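Working notes for the structure below.
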Amino acid sequence: MGIARVGVVGCGQMGAGIVEISAKAGYEVVAREVNEELLDRGLGRIQKSLSKAVSRGKLEEAEKEAILSRITGTTELAGLSDCDLVIEAVPEDKELKMALFAELDGLVKPEAIFCTNTSSLVVTELAMSTKRVDRFACLHFFNPVPVMKLVEVVRTILTSDETFDAIFDFAKKVGKTPIAAKDNSGFIVNRLLIPYLLDAIRCYEQGLGSREDIDTGMKLGCGHPMGPLELCDFIGLDTMYFVAEVMFDEYREPRFAPPGLLKRMVKAGQLGRKTGKGFYDYS
Ligand code: CAA
């Protein structure tokens, strides 16, 4: 199961990061977006990130050019047909992901491995939208992908040992530290992180402290790089809400239930950094 050519479906924040680190590790990468505008934006994101690395002295200009030369953009799913590994990084929408995998299954060579980057959906259910259930798993990267060292490697009860070993090795080759996690909603990290973040929102909702004091408390008291409310804004409140709903549905425990304030902020379009307003104002 040699991996030389990697396809990434979705070139948003997560997808662009996965394209960047894969190309940096020497893989040929095909990035797919739904239209030229989104593709240009995604590839622009990668250019900017690499240029920043050059300006900070972390990368040579020639290396940057070599990395970019290994990346091809496409708006066609068929452009991924000869990839050895296809990683999906589209929005957290089960129907969208299942339809996408079903279509990819008919287009991409049968021996290729499919991975989802879902953070909460049941991987087994996504696998069932394809006929390659033994070559289907999850590589869960963290935001910002070029910086965060962890990848959760999630196998389903149908994933073959060969597939698991191949993607575990891939995660190492792209410079990450892989950990093995079971196909439970939220895997290991979100299973622990999401209830904590939701509880921080409840603390704020109940007036336990100001948003600044809650964040400063966890940053200085526990050594976290970001406070919980700041981190919610960074992840995106719509993503937080969606993930909490999925996890609540799976575990039926109140600690996973999205707080009323989170729901209202999402309804009001206050989604965090990406919309310029969440718990903090970024305008
Ligand atoms: N791409 C590439 N590099 C980046 C970057 C990005 N998007 N953002 C920051 N960096 C780099 C900077 O260039 C800088 O590098 P050097 O130190 O080598 O110069 C380094 O990261 C630190 O960046 P900054 O000095 O700008 O800012 P910072 O020290 O505040 O760090 C941060 C920023 C890395 C985002 C840090 O605040 C952090 O680790 N925050 C927590 C992030 C986190 O918890 N992520 C997980 C979210 S949960 C998730 O993703 C899973 C899910 O399913 C919901």
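The values are calculated or read from the model by the stated rules, or taken from the named source; none is laboratory data. Please read all numbers here as calculations on a predicted model, not as lab measurements. Please note: Cβ atoms are built from the backbone with ideal geometry, for glycine as well, and neighbour counts cover all protein chains shown. For the accessible areas, the whole protein counts, side chains as well, though only heavy atoms, and no ligand, DNA or RNA atoms are used. Shrake-Rupley method; radii C 1.70, N 1.55, O 1.52, S 1.80 Å.
If you take the residues of the range 192-219 that are of a type in the set (V, I, T) and in contact (Cβ under 8 Å) with a residue 24 or more places away in the chain, which of them is nearest to A257 (Cα to Cα)? Per the criteria, the residue is I194. Taking the criterion of being more than 16 Å from the ligand (Cβ to nearest atom) and in contact (Cβ under 8 Å) with a residue 40 or more places away in the chain, the residues of the range 76-96 that qualify are E76, L77, G79, L80, D82, C83, D84, L85, V86.
Okay, residues lined up against (1) touching a strand residue (DSSP E or B) at 6+ places or on another chain (Cβ under 8 Å); (2) open to solvent by less than 10 Å² (accessible area, probe 1.4 Å):
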residue	(1), (2)
I113	yes, yes
S120	no, yes
L126	yes, yes
K131	no, no
F136	yes, yes
F141	yes, yes
P146	no, no
K149	yes, no
E152	yes, yes
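Taking only pairs six or more apart or across chains, which ones have beta-carbon atoms under 7 Å, a first residue in the range 46-59 that is in the same structural domain as G73 (by TED's automatic domain parsing), and a second residue that is part of a loop (DSSP other than H, G, I, E, B)? Matching pairs, first to second residue: S49/P146; L50/L59; A53/L59.
Considering the range 187-219 alone, what residues qualify as being of a type in the set (A, V, I, L, M) and either within 12 Å of the ligand (Cβ to nearest atom) or within 16 Å of the chain's Cα centre (by Cα) (or both)?
Of everything in the range 187-219, those that are of a type in the set (A, V, I, L, M) and either within 12 Å of the ligand (Cβ to nearest atom) or within 16 Å of the chain's Cα centre (by Cα) (or both) turn out to be I188, V189, L192, L193, I194, L197, M218.
Evaluated against (1) in a helix (DSSP H, G or I); (2) assigned by TED's automatic domain parsing to the domain that holds V153; (3) within 14 Å of the ligand (Cβ to nearest atom), G175 falls short on exactly one condition, (1). Count of the range 97-111 residues, restricted to those that are touching a residue at least 40 places away in the same chain (Cβ under 8 Å) and open to solvent by less than 10 Å² (accessible area, probe 1.4 Å), is 2. For the range 246-258, residues that are touching a Phe, Trp or Tyr at 6+ places or on another chain (Cβ under 7 Å) and within 15 Å of the ligand (Cβ to nearest atom) total 3. Of note, E63 does not satisfy the criterion of being of a type in the set (D, E, K, R) and either assigned to a loop (DSSP other than H, G, I, E, B) or touching a residue at least 60 places away in the same chain (Cβ under 8 Å) (or both).
To keep it simple, each residue is scored yes or no on (1) at pLDDT 95 or above; (2) more than 13 Å from the ligand (Cβ to nearest atom).
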| position | (1), (2) |
| --- | --- |
| G10 | yes, yes |
| Q13 | no, no |
| I18 | yes, no |
| G26 | yes, yes |
| E37 | yes, yes |
| L43 | yes, yes |
| L50 | yes, no |
| V54 | yes, no |
| T74 | yes, yes |
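Selection over the range 220-245 of residues that are aliphatic (A, V, I, L, M), within 11 Å of the ligand (Cβ to nearest atom) and touching a residue at least 12 places away in the same chain (Cβ under 8 Å) gives a count of 5.
Take the conditions (1) within 16 Å of the ligand (Cβ to nearest atom); (2) over 28 Å from N190 (Cβ atoms); R70 misses just one of them, which is (1).
Inspect all residues belonging to the range 259-267 and state whether any of them is within 16 Å of the ligand (Cβ to nearest atom), in a helix (DSSP H, G or I) and among the aliphatic types (A, V, I, L, M). Working first, answer last.
Filtering the range 259-267 for residues within 16 Å of the ligand (Cβ to nearest atom) gives 262, 266.
Within this subset, residues satisfying the condition of being in a helix (DSSP H, G or I) are 262, 266.
Imposing the further condition that a residue be among the aliphatic types (A, V, I, L, M) reduces the set to 262, 266.
Yes, the range 259-267 contains at least one residue that is within 16 Å of the ligand (Cβ to nearest atom), in a helix (DSSP H, G or I) and among the aliphatic types (A, V, I, L, M).
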